[in-house]
Amino acid sequence: MQLTLPRALLILAALAAAVTGFYVARQIDRTSPQLASGTWFPERWRVADFRLTDSAGQDFTLARLSGAPTLLFFGFTHCPDVCPTTLLKLARVRKAAAIPDLKVLFVSIDPQRDTPEVIARYVHAFDPQFEGVTGEPAAIDALARRFNVAVNRVELPGGDYTMDHSAVVFLLDANARVVAIFTPPFDEKLMAVDLKASAPYLQGRH
C-alpha cells in the first residue's frame, strides 16, 4: 500500500512520540529507585525548619539533618510494642544496609515523660548511634503535622495515659528532603535492600 505524504508524516510523528515516551520513562526510572517495601516520592519535599531538644539537652534544628541521609520515626518511650519493635528493626536495617553516616532519628510525641535523659537511655539501648529528640508540645505537634503524622493522647483508667500515633518511617536525603516512606509491617530484609538501592539518590545530587 502506498502512503500519502500526510499519512507518512503522521506515522513518523507517532513513532517519534513513542520513542520519546520510552526515553522519558527510562530517564524517570533512572532517577527514581524502585522500592520493594516502601514508596519513593516523585518529588522530594523539604520540611520547614523546627527547634527541638536532643538527648544531650542541645538545640536540634533542621540543619542537623543535613549532610547525611536519615530514617525518621515518631514515637514515645512508654510505647508497649510498636515503637520498640520498630526501633529494633531499624537498628538491624541500618547495619544490613551499610550506608555510611545513615542516621536514625526518634522524635518523641510524649514530651511530658520523655525528657532528654529518658530519650538518651531509650534510643541508645537499640543503637548507640541513634539520635532522639523531644521538646515543647507545640513544636512537636507542628512537626508531626508537617509530616502528616497523626498523634492522639488517650486517657487510661487510674489517671495514666498512652499515645496513639502513625507508625511510619520517613527517609530523608542528605539535603534534609523527604524522599520516601515506609509503612508497617516493616520487612527488615526488604528495607535494607531498598536502602542499598536508594543510596546513590540520597546524597542530594539528584
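Bear in mind that the values in this text are calculations on the coordinates, not laboratory data. Note that the structure is predicted; figures quoted are calculated from it, not measured. Please note: Cβ atoms are built from the backbone with ideal geometry, for glycine as well, and neighbour counts cover all protein chains shown.
What to note about this one:
- Extension gain from Q112 to R146, taking 0.36 nm per residue of separation minus the Cα-Cα distance: 10.1 nm
- Taking the three principal axes of the alpha carbon atoms in the stretch 36-201, the coordinate ranges are 49, 30, 29 Å, sorted in descending order.
- Ranking of W40, W45 by neighbouring Cβ atoms within 10 Å, starting from the fewest: W45, W40.
- Taking other C-beta atoms within 10 angstrom as a stand-in for reagent exposure, Y122, Y161, Y201 fall in the order Y161, Y201, Y122, fewest first.
- Furthest towards positive pole of dipole, L65, A192, F147, structure part the stretch 36-201, Cβ charges: A192
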